[in-house]
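Enquirer: First the structure, which I've put down as structure tokens, then a few questions once you've had a look.
Each value in this text was obtained by applying a stated rule to the coordinates, not by laboratory testing. These figures come from a predicted structure and were not determined experimentally. Note that we place each Cβ from the backbone using ideal geometry, even for glycine, and neighbour counts take in every protein chain shown.
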Amino acid sequence: MSRQLEQLQEEKSRRRHKAILLAVEGALETALSKTGYVLEGFSVNLSGGDCLITLRGFKESKRFVAFVGAGDLGSCLVKALREAGADRLAWRADKYGT
């Protein structure tokens with residue numbers, strides 16, 4: 001029974017690593033483009049065991065930002081990809097973008 005649990009953990013870890021790689025290699029950009037946004041870039045803020053990603057993008061020549069938070073960078077990337085794919089990111093006008 002314990003080997004089955006190990007296999008489940010290993011599979012979960014493989015899926016997580018694959019999702020992180022996909023997010024970095026372009027899947028995040030693709031998911032956003034399906035909702036009309038063009039990803040300009042993102043920044044990462046790591047502090048106190050938390051991670052915050054600020055996504056910057058364009059839609060109809062206007063600049064927007066969206067925020068995604070999680071406990072670590074990998075989880076944050078996976079969450080950003082999942083939220084972008086489901087069109088659940090809360091985009092706001094970018095007040096500070098140039």
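Enquirer: Give the total of Lys-Lys pairs in the chain with Cα-Cα distances below 19 Å; include a pair only if its members are 8 or more places apart or on different chains.
Expert: Pairs that pass both the separation and distance tests number 7.
Enquirer: For the chain, what does the relative contact order come out to in percent, with C-alpha contacts under 8 Å and a separation of six or more?
Expert: With pairs under 8 Å counted, the relative contact order is 24 percent.
Enquirer: Could I ask something else about it? Would you mind computing, in nm to one decimal, how far apart the modelled labels at residue 18 and residue 3 are, each placed 7 Å from Cα along Cα→Cβ?
Expert: It works out to 2.3 nm between the two label points.
Enquirer: Could you order the peptides 23-29, 11-17, 58-64, 74-80 from most to least packed, using the average number of other C-beta atoms within 10 Å per residue?
Expert: So the order, starting with the most tightly packed, is 74-80, 23-29, 58-64, 11-17.
Enquirer: Here's something else I'd like to know. Which entry in (i) 15.4, 57; (ii) 22.2, 77; (iii) 13.8, 45 matches Rg and Dmax of the Cα atoms in Å derived from the coordinates of this structure?
Expert: (i)
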